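Asks: Pasting a structure below so you can have a look.
The values are calculated or read from the model by the stated rules, or taken from the named source; none is laboratory data. For clarity, every value in this text was computed on a predicted model and none was experimentally measured. Please note: Cβ atoms are built from the backbone with ideal geometry, for glycine as well, and neighbour counts cover all protein chains shown. Just the protein is used for accessible areas: all its heavy atoms, side chains included, with ligands, DNA and RNA removed. Shrake-Rupley method; radii C 1.70, N 1.55, O 1.52, S 1.80 Å.
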Amino acid sequence: MLEIPESSVIPSSFNASTIDERSDAELDALPFGVISLDEEGIILRYNLYESRLARLDRNQVLGRNFFTDIAPCTSTQEFEGRFRAFVNEADPQKRVRFDYIFDFKFGAQEVSVELLRVPAAARFYLLINRQRVTAPRPDFPAEKLAALQRNLAPNEDREGVLRDELERRFIDAPAALFSALRTTCERLAPEAWQLFSTEWGVQWGRRTAVDLEASVLEQTGRSLRELPMAEVATRVATYYGERGFGLASFDFSSTAEGILRVDVARSALAEAVPKLRSVESPQRTDLACHLLAGSFSAVLSSIAGRRLVAREVECAAAGSAMCTIVVISYERRAAVDAVLHAGERGFDNIRLALRRAPRMVESRQ
Amino acid sequence: MNVTRVKVAPILPPKPRRVRGTFIVEPEKAARSIPINWAGRTAEDVLGNLPWEGAAPDPEMLDAATFLSFL
């Protein structure tokens, strides 16, 4: 049985209004499950964390009845009964919180559930915080188990749909896809390449953080932020390595200076683009791994609980032995960007520049 | 005429507190700002390893949240 720490409890500042105003992308970055239902129990919104832990594809879940189609294990007085009573509750500000067990074929999840109502709308939110992950309960009736993805959408393998072991859809794409993307950007908006690919990486990294959190929860019952940094580094490096992006190694020797260095050997992004380097615009093509840098920054920011920035400062696409990414506080990014903008490269140049940039220790608060 | 001389001690400004290294924030403030009690460690435990006191944080010993607060 795995205990979940206090630090993963849903913030008390969350209310239905602040949740309802968030975009789907913002809900996807949250480290707990969010489900929106109408008064009949039809699913209106379903965030990434819930999708990951329930191993259900959001596209197959939306529009179905939560209590009968998706989670029959909740069709009880303790859950559905509370929801129905909450729907008919006269006080719009009331919050209801209770503990429950979600029974899946692949395991039981002890959760705390919070019910919220969107003011002046027939929409309700379930905030679901996992407390413990255990083995399946042997005595639980099979017909009441939560839905399996393969039952929601049978015969997908004949419809050109691939799913991984966690029922997430994926595509088998060659690394040349990144080369094509880079070529496209070179043609349409060459100056936007760094901005575009970094932001793409950040968006990807926010989802990666949720994925890593869910994996750690299932395996250890703890959250990433509680694990030793060395173990987190190994998990992060393994995550990207297993997906073919190259081998990342974390260098902690500069942390006392406020710099975390990550070297990436055999970066798929760097190897996808070197042939693109052109005589006319060499400065635009020498750094290729902004996508990875953006992704690292989002993952590490999620763990740190504050904004960190990652920049690639050396790249194999420009002839270095490997790619080097530095991670620093958001407040010191200007010093790094000034060096890179001046066309200088290399970890030592960046380190010198950062020594001149005061550390914003107050930002820890 | 009798004159009573009164010896008056000069009023000096208080001595600044001596701190080790180059403190940027007061220790109390830093203690509040550092996540408490991850991996069973308190802020006071961690304070001994603060970078502005010269020691590098240990990635094997420190939890990720505390370690990344050094950036």
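Asks: If I ask for residues that are surrounded by 17 or more Cβ atoms within 10 Å (Cβ to Cβ) and either within 20 Å of the chain's Cα centre (by Cα) or without any contact (Cβ under 8 Å) to a residue 24 or more places away in the chain (or both), which ones from the range A:242-261 would you list?
Replies: Within the range A:242-261, A:Phe245, A:Gly246, A:Ala248, A:Phe250, A:Phe252, A:Thr255, A:Ala256 qualify.
Asks: Return yes or no: is A:Ala338 part of a helix (DSSP H, G or I) and not β-branched (Val, Ile, Thr)?
Replies: Judged against the criteria, A:Ala338 is a match.
Asks: In addition: From the set of residues in the range A:218-249 that are in contact with a Gly (Cβ under 9 Å, 6 or more places away or on another chain), more than 12 Å from every other protein chain (Cβ to nearest Cβ) and assigned to a helix (DSSP H, G or I), which is modelled with the highest pLDDT?
Replies: A:Tyr240
Asks: Being at pLDDT 95 or above, open to solvent by 40 Å² or more (accessible area, probe 1.4 Å), among the basic types (Lys, Arg) and touching a Phe, Trp or Tyr at 6+ places or on another chain (Cβ under 9 Å) narrows it down to one of A:Arg64, A:Arg82, so name that one.
Replies: Residue meeting the stated conditions: A:Arg82.
Asks: Right, A:Val361: modelled with pLDDT under 90 and facing another protein chain (nearest Cβ under 10 Å) or not?
Replies: So A:Val361 passes the test.
Asks: Right, here's the next one. Report yes if A:Glu50 is open to solvent by 10 Å² or more (accessible area, probe 1.4 Å), modelled with pLDDT of 95 or more and touching a Gly at 6+ places or on another chain (Cβ under 8 Å), otherwise no.
Replies: Spelling it out, it is not the case that A:Glu50 is open to solvent by 10 Å² or more (accessible area, probe 1.4 Å), modelled with pLDDT of 95 or more and touching a Gly at 6+ places or on another chain (Cβ under 8 Å).
Asks: Follow-up. Out of curiosity, is A:Thr208 in contact (Cβ under 8 Å) with a residue 40 or more places away in the chain, among the hydroxyl-bearing types (Ser, Thr, Tyr) and either within 19 Å of A:Gly241 (Cβ to Cβ) or touching a strand residue (DSSP E or B) at 6+ places or on another chain (Cβ under 7 Å) (or both)?
Replies: yes
Asks: Residues being under 27 Å from A:Leu212 (Cβ atoms) and open to solvent by 10 Å² or more (accessible area, probe 1.4 Å): count how many of those fall in the range A:36-45. Break it down stepwise before answering.
Replies: As a first pass, look at the range A:36-45 and keep what is under 27 Å from A:Leu212 (Cβ atoms): A:36, A:43, A:45.
Now drop any that are not open to solvent by 10 Å² or more (accessible area, probe 1.4 Å), which leaves A:45.
Number of matching residues: 1.
Asks: Scanning for something within 28 Å of A:Gly107 (Cβ to Cβ), within 14 Å of chain B (Cβ to nearest Cβ) and among the polar types (S, T, N, Q), does the range A:210-217 turn up at least one residue? Even if it seems obvious, please write down each step before you answer.
Replies: Quick first cut of the range A:210-217, residues within 28 Å of A:Gly107 (Cβ to Cβ) only: A:210-217.
Keeping just the survivors that are within 14 Å of chain B (Cβ to nearest Cβ) gives A:212-213, A:216.
Among the residues that remain, those that are also among the polar types (S, T, N, Q) are: none.
No, because not a single residue in the range A:210-217 is within 28 Å of A:Gly107 (Cβ to Cβ), within 14 Å of chain B (Cβ to nearest Cβ) and among the polar types (S, T, N, Q).
Okay, residues lined up against (1) free of Cβ contacts under 8 Å to residues at least 40 places away in the same chain; (2) among the aliphatic types (A, V, I, L, M):
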{"position": "A:Arg55", "(1), (2)": "no, no"}
{"position": "A:Gln60", "(1), (2)": "no, no"}
{"position": "A:Phe83", "(1), (2)": "no, no"}
{"position": "A:Ala90", "(1), (2)": "yes, yes"}
{"position": "A:Gln93", "(1), (2)": "yes, no"}
{"position": "A:Glu114", "(1), (2)": "no, no"}
{"position": "A:Val118", "(1), (2)": "no, yes"}
{"position": "A:Arg132", "(1), (2)": "no, no"}
{"position": "A:Arg150", "(1), (2)": "yes, no"}
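Asks: Taking the range A:88-97 as the search range and keeping residues that are open to solvent by less than 100 Å² (accessible area, probe 1.4 Å) and under 18 Å from A:Ile128 (Cβ atoms), which one is modelled with the highest pLDDT?
Replies: Restricting to residues being open to solvent by less than 100 Å² (accessible area, probe 1.4 Å) and under 18 Å from A:Ile128 (Cβ atoms), the top hit is A:Val96.
Asks: Any residue that is open to solvent by less than 40 Å² (accessible area, probe 1.4 Å), part of a loop (DSSP other than H, G, I, E, B) and touching a helix residue (DSSP H, G or I) at 6+ places or on another chain (Cβ under 6 Å) - is there at least one of those in the range A:100-118?
Replies: yes
Asks: If A:Leu308 satisfies every condition in (1) within 14 Å of chain B (Cβ to nearest Cβ); (2) within 18 Å of A:Gly201 (Cα to Cα); (3) open to solvent by less than 10 Å² (accessible area, probe 1.4 Å); (4) modelled with pLDDT under 95 but one, which is the exception?
Replies: So the condition that A:Leu308 fails would be (4).
Asks: Tell me which residues, restricted to the range A:164-196, are open to solvent by 90 Å² or more (accessible area, probe 1.4 Å) and assigned to a helix (DSSP H, G or I).
Replies: A:Leu177, A:Arg187, A:Leu188, A:Glu191, A:Leu195, A:Phe196, listed by residue number.
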